[in-house]
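Accompanying notes for the structure given below.
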Amino acid sequence: MEDSNLRLSTYNYNLPNELIAQTPLEKRDSSRMLCYNRKTKKVLHKNFYDIIDFLKKGDVLVINNTKVIPARLFGKKIDTGANIEILLQKRLNLNEWEAIARPFKRLKIGTKISFSNQLECEVKELHKDGICIIQFIYDGVFEQILEKIGEMPLPPYIKSKLNDKDRYQTVYSKTEGSNAAPTAGLHLTSELLSKIKQKGVEIVEVLLHVGLGTFRPVKDDNILNHKMHSEFFNLDEKAACIINNAKQNNNRIIAVGTTSVRVLETCAENGKVKAGNGQTNIFIYPNYKFQIVDCLITNFHLPESTLLMLVCAFCGTRETLDFYNEAISERYRFFSFGDCCFIYE
């Protein structure tokens, strides 16, 4: 008998376009929060600042401290003046990057693109799916130039211009390297984090640089044929020790976002985490056995996305789609700048 959890169409749902959040709320922690209890299957409707009431002394809150780089560049081919858009994906060495170019057909090996009087690049390799390897030539400090002329690589479903770059960063962002924000963390404020600590909750930082592959659609109806993108992660010894002590004492590990989940489960070994770093392409879908994560704070994800599949793995496919439909009927705001849910027990 065919397992419906392996069919892409299982993860579809109908979302009215007007529920796709285009801008962040004025106050980060004022977003709505749908709370789903995995044991009782009950749903509560709260605001994110109410998360403090759901946390207990001894809990460990795991946050991803990655920082989004302004990875979207607009330039012109030096030979013809044709417009080219570059989305930086992965830094390969000091001056070379893997990138997505649009329109790809305008490029050939050796093509030079100018972005400003301080920055240009040369195409070194062309690969499939619009991916190329480029080498930058610049006058000054690359990071400073990028900060000045680059734009935040907002997801394609966000059509509004972002006036404040910091609103696509978490308040605890630290290590540059992401092409997209770990959006569940956008709801946290410094004040709320202080209150959480005062309640006796440990806050642990991990790192996962979110790649543009996050938005890559699953194309095959058999999800097992989907190739996950790889992303750099790091879990240090101190964080691993805190997490393992909490697990040993039967305290809850609460992941802020699917990126934190991916780090924790990548590092899972016999019910504990092992410190390490490298590339992960872990694919979490229903029937996956979670070893580390007990609770999850996450935004609402796109239909048929691998992120939705991860949530379905965590609390059941039917249950997840049921509370998604309730969120739609309650007019929650969806996706990166939208509201969130807290899945707990």
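The values are calculated or read from the model by the stated rules, or taken from the named source; none is laboratory data. Since the structure is predicted, the reported quantities are computational estimates derived from the model, not experimental observations. Cβ sites come from the backbone with ideal geometry, for glycine too, and all protein chains shown count toward neighbours.
Considering only the range 73-90, state which residues are charged (D, E, K, R) and surrounded by 16 or more Cβ atoms within 10 Å (Cβ to Cβ). Correct list: LYS77, LYS90. Please determine whether any residue of the range 311-321 is in a loop (DSSP other than H, G, I, E, B) and either free of Cβ contacts under 8 Å to residues at least 12 places away in the same chain or not assigned by TED's automatic domain parsing to the domain that holds LYS39 (or both). No, the range 311-321 contains no residue that is in a loop (DSSP other than H, G, I, E, B) and either free of Cβ contacts under 8 Å to residues at least 12 places away in the same chain or not assigned by TED's automatic domain parsing to the domain that holds LYS39 (or both).
Among the residues of the range 240-282, the ones that are free of Cβ contacts under 8 Å to residues at least 40 places away in the same chain and either in contact with a strand residue (DSSP E or B) (Cβ under 6 Å, 6 or more places away or on another chain) or part of a strand (DSSP E or B) (or both) come to 8 in all.
Looking at GLU143, GLU176, just one residue is among the acidic types (Asp, Glu) and in the same structural domain as SER194 (by TED's automatic domain parsing), and that residue is GLU176. Here ILE113 fulfils each of the conditions (1) modelled with pLDDT under 95; (2) on the phi < 0 side of the Ramachandran plot apart from (1).
Every condition in (1) surrounded by fewer than 18 Cβ atoms within 10 Å (Cβ to Cβ); (2) under 23 Å from THR266 (Cβ atoms); (3) touching a strand residue (DSSP E or B) at 6+ places or on another chain (Cβ under 9 Å) is met by ASN225 except one, and the failing one is (3). Taking the criterion of being of a type in the set (S, T, N, Q) and either on the phi > 0 side of the Ramachandran plot or part of a strand (DSSP E or B) (or both), the residues of the range 69-107 that qualify are ASN83, GLN89. Put simply, of GLU120, GLU143 the only residue that is exposed (fewer than 15 other Cβ atoms within 10 Å of the Cβ) and either on the phi < 0 side of the Ramachandran plot or in contact with a strand residue (DSSP E or B) (Cβ under 8 Å, 6 or more places away or on another chain) (or both) is GLU143.
LEU193 meets all of the listed conditions (1) in a helix (DSSP H, G or I); (2) out of contact with any Asp or Glu (no Cβ under 7 Å at 6 or more places or on another chain); (3) touching a residue at least 24 places away in the same chain (Cβ under 8 Å) but one, namely (3).
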